[in-house]
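See structure below.
The values are calculated or read from the model by the stated rules, or taken from the named source; none is laboratory data. Since the structure is predicted, the reported quantities are computational estimates derived from the model, not experimental observations. Every residue, glycine among them, receives a Cβ derived from its backbone with ideal geometry; neighbour counts consider all protein chains shown.
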Number of protein chains: 2
Amino acid sequence: MSDHRIAIIGGTGDQGKGLALRWARAGFSIIVGSRDAERADSAAAEMRGTLGGEVLIEGAVNSVAAASAPIIVLTVPFAAQIATMKDIRESLAPGSLLIDVTVPLEPAVGGKPTRMLGVWAGSAAEQCAELAPENVQVVSAFHNVGAEALSRLAHEVECDVIVCGDSKDAKELVRPLVAAIPGCRYVDGGPLANSRTVEAITALLIGLNVRYKTHVGIRITGVK
Amino acid sequence: MSDHRIAIIGGTGDQGKGLALRWARAGFSIIVGSRDAERADSAAAEMRGTLGGEVLIEGAVNSVAAASAPIIVLTVPFAAQIATMKDIRESLAPGSLLIDVTVPLEPAVGGKPTRMLGVWAGSAAEQCAELAPENVQVVSAFHNVGAEALSRLAHEVECDVIVCGDSKDAKELVRPLVAAIPGCRYVDGGPLANSRTVEAITALLIGLNVRYKTHVGIRITGVK
């Protein structure tokens, strides 16, 4: 499996599509996963149409997508995270990297996107790690990068990507994926438990989007 | 009482001193509060020495300081927040503004400054509001501005100040205090409950300081 192959589970959602477009344009080979193979195929076709040219985007059901790449990105709504992990966990190849992008926003239970749910594991990322096989490394990233900013392909994404994980080496594997998105910058956010805060920042940014009628991002100052 | 008068409760700590120096230099009249009047006086004298010239900084015990200004800033360690609020609450004048800067970092119980404590009220700011008299408005701000950055008076503080509170008018009173610190920018962070996230960002930034051997801050992009 090529290192340039990325499976995006829940890749038919706005965040998944935005990441798929950016990475495909940067030369990665993308497998868009969905619960429904037809939806995955049609999302992939739509994205090929958007980008034109020689981009590599195909569709597959989530479990097939999860088995077909060394890097798997989970971009499902929080309400679907546990079921999706149960669905794909047997398909994840030993040694693969799982990047969790899930944010436990309140809409999962009918609430507001500016508010968070408490997660017993501490964060969506830690919940994901509990559900992942032991031989798969879990990191979290890309929570704060807005789908809207990703989809505006002519514009840079003015946002740092704070990457959390318990293995420095695993986190480093995310660096080229961040570098592939113009305007994004990799920031080592520390252990996976710090994802609690990075996930919560998403809700804060959504509130700022509403309050300032714009699309905000985050930068860490003082980091070279 | 002049609007240009600010009491800093716990003003002998690093964060309190840093804010006192910046605001005194900008022309505010500062009352540095401490549990101990002598410590307050000597911190005030030290700061007058640092700044020289016609700055207005005096010391007082916390309860006296709290009674002597329309704006009261709480910069005590989390372990001292409840006791301090009980000590000063009767002294707070009706209609005054209390700005909570407290962060529930784990060192309050012997842990790490990169980790947070859970607070039953939701955040230190909400705990502060529970303890404040009803006729005093509570907002939270300045959590993410490092004491080190504040103390380096020749340098701008590269950090947005995310202000949380349930009254827009009360939050607006913080705007001139933010503007008085070169490099800082006011960002309306929404309701007081959002302080949960803004406080947690402090622990994240402390971890980044350690990891990157620097002094970091935060910026929200896309906000004019």
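Summary of computed values
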read-out: Candidate set: region A:210-220, residues that are farther than 18 Å from residue A:178 by Cβ and within 7 Å of another protein chain (Cβ to nearest Cβ); chosen: the one surrounded by the fewest Cβ atoms within 10 Å (Cβ to Cβ); value: A:214
read-out: Residue count, region A:166-204 (criterion: away from chain B (no Cβ under 13 Å) and touching a helix residue (DSSP H, G or I) at 6+ places or on another chain (Cβ under 7 Å)); value: 4
read-out: Filter result for the condition that a residue is more than 19 Å from residue B:161 (Cβ to Cβ) and touching a Gly at 6+ places or on another chain (Cβ under 7 Å), over B:34, B:42, B:29; value: B:34
read-out: Among (1) touching a Pro at 6+ places or on another chain (Cβ under 9 Å); (2) within 20 Å of residue A:5 (Cβ to Cβ); (3) surrounded by 22 or more Cβ atoms within 10 Å (Cβ to Cβ), the one test that residue A:93 misses; value: (3)
read-out: Flag for residue B:79 being free of Cβ contacts under 8 Å to residues at least 24 places away in the same chain and either under 17 Å from residue B:13 (Cα atoms) or more than 18 Å from the chain's Cα centre (by Cα) (or both); value: no
read-out: Filtered residues of region B:66-111 (kept if within 14 Å of chain A (Cβ to nearest Cβ) and farther than 20 Å from residue B:195 by Cα); value: B:111
read-out: Residue match in region A:3-13 (condition: basic (Lys, Arg), touching a residue at least 12 places away in the same chain (Cβ under 8 Å), in contact with a Pro (Cβ under 8 Å, 6 or more places away or on another chain) and under 15 Å from residue A:67 (Cα atoms)); value: yes
read-out: Elements of type helices (runs of 4 or more DSSP H) in region A:127-224, at least 1 residues being in contact with a Phe, Trp or Tyr (Cβ under 7 Å, 6 or more places away or on another chain); value: A:175-179
read-out: Identity of the residue in region A:30-42, outside any helix (DSSP H, G or I) and among the hydrophobic types (A, V, I, L, M, F, W, C), that ends up farthest from residue A:81 (Cα to Cα); value: A:30
read-out: Residue check, residue B:27 surrounded by fewer than 23 Cβ atoms within 10 Å (Cβ to Cβ) and outside any strand (DSSP E or B); value: yes
read-out: Only one of A:20, A:45 that is part of a helix (DSSP H, G or I) and surrounded by 24 or more Cβ atoms within 10 Å (Cβ to Cβ); value: A:20
read-out: Given (1) within 16 Å of residue B:147 (Cα to Cα); (2) without any contact (Cβ under 8 Å) to a residue 60 or more places away in the chain, number of the condition residue B:73 does not satisfy; value: (2)
read-out: Considering residues of region B:182-202 that are over 13 Å from residue B:223 (Cβ atoms) and among the aliphatic types (A, V, I, L, M) only, the residue surrounded by the most Cβ atoms within 10 Å (Cβ to Cβ); value: B:198
read-out: Condition broken by residue A:207, with the remaining ones in (1) surrounded by fewer than 24 Cβ atoms within 10 Å (Cβ to Cβ); (2) more than 7 Å from every other protein chain (Cβ to nearest Cβ) satisfied; value: (2)
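Listed here are the residues, each with its yes/no results for (1) modelled with pLDDT of 95 or more; (2) under 24 Å from residue A:89 (Cβ atoms); (3) surrounded by 24 or more Cβ atoms within 10 Å (Cβ to Cβ).
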| site | (1), (2), (3) |
| --- | --- |
| A:14 | yes, no, no |
| A:33 | yes, yes, yes |
| A:50 | yes, no, no |
| A:54 | no, no, no |
| A:58 | yes, yes, no |
| A:61 | yes, yes, no |
